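Shown next, in structure tokens, is the structure this report addresses.
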Amino acid sequence: MTNSQFKMVATKKHLKPASRREQIINAADLVLLDVGVKDFTIDKVVEYLGIAKGTVYKYFQSKDDVLAEVSTKALNQLLNYFKMSERNSPDGPEKTKAVIMSCYHYSKDYPKYFELIVYLERPEFKTSAESHRKASTKIQEFFIGHIELQKEQGYFKKNINPMMMNYLCWGSSMGVMQFLDSKRAFLEQEQNISQEELMTSFVEVFVNGMTK
């Protein structure tokens with residue numbers, strides 16, 4: 001949908017609350033994909049839609065609440081990457097490696113969404129958005145279930161705690177991928193190491209630590 005088409009929708013003064021709320025979320029999504037999370041503001045959403053700023057705060061308490069709603073789409077797409085990689089990879093530890101690597105591929109395919117996911121990991125992030133909580137929970141449940149199945153099938157050590165592995169994998173993966181972005185020039189130009197090569201090495205170490 002083009003900007004002009006979106007603004008034509010926004011000129012309707014009497015949208016139903018649910019429609020107006022969805023319109024704001026869709027506009028926030030487009031603004032995010034245009035400017036990125038660091039330059040995202042409610043003012044830009046308001047300007048894009050041509051509505052009063054108070055209209056946004058009628059439906060959302062803060063910028064974080066708006067971004068949390070947008071992140072639902074980002075998290076659901078990430079979950080689809082996990083599921084596809086699990087379905088299309090061979091059994092055994094290689095399946096888990098493929099699942100974790102799919103997060104890296106997602107970050108390259110959808111960099112603005114990945115930046116949003118990282119942004120919402122900060123300690124001060126607070127939201128009442130139920131959709132964000134549900135999307136986050138689905139990802140946790142998927143990975144925990146994946147590790148449990150790997151244990152049941154005899155690929156991983158019996159003393160592995162799937163929930164702990166979920167948090168360790170998520171936290172360390174996010175950290176490594178942020179490091180790769182910040183040090184990309186140094187790694188590639190001075191060390192002759194590609195981002196994907198280093199990420200693959202991390203995944204190998206992490207998964208091998210769980211493997212029998």
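For this structure, a couple of remarks:
- Some residue of segment 128-138 being at pLDDT below 95 and loosely packed, with under 12 Cβ neighbours inside 10 Å: yes
- Residue list for segment 22-34, filter: surrounded by fewer than 17 Cβ atoms within 10 Å (Cβ to Cβ) and not hydrophobic (A, V, I, L, M, F, W, C): GLU22, ASP34
- For segment 70-77, the criterion of being within 21 Å of SER201 (Cβ to Cβ), within 16 Å of the chain's Cα centre (by Cα) and β-branched (Val, Ile, Thr) is met by none of the residues.
- Within segment 142-172, tally of residues that are among the polar types (S, T, N, Q) and closer than 25 Å to LEU198 by Cα: 3
- Criterion violated by SER62 - all others in (1) more than 20 Å from THR127 (Cα to Cα); (2) at pLDDT below 95; (3) surrounded by 13 or more Cβ atoms within 10 Å (Cβ to Cβ) satisfied: (1)
- In segment 110-133, the residues that are within 20 Å of ASN80 (Cα to Cα), part of a helix (DSSP H, G or I) and in contact (Cβ under 8 Å) with a residue 12 or more places away in the chain: LYS112, TYR113, PHE114, GLU115, LEU116, ILE117, VAL118, SER131, HIS132
- Selected residue [modelled with pLDDT of 95 or more, out of contact with any Cys (no Cβ under 9 Å at 6 or more places or on another chain), among the acidic types (Asp, Glu) and more than 17 Å from LYS73 (Cα to Cα)] from ASP39, ASP34: ASP39
Yes or no, residue by residue, for (1) assigned by TED's automatic domain parsing to the domain that holds MET199; (2) under 27 Å from GLU197 (Cα atoms):
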position	(1), (2)
VAL45	no, no
ALA52	no, no
THR72	yes, no
GLU86	yes, yes
ALA98	yes, yes
TYR110	yes, yes
GLU121	yes, yes
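The values are calculated or read from the model by the stated rules, or taken from the named source; none is laboratory data. Owing to the predicted nature of the structure, the values given are computational and were not obtained by experimental measurement. Every residue, glycine among them, receives a Cβ derived from its backbone with ideal geometry; neighbour counts consider all protein chains shown.
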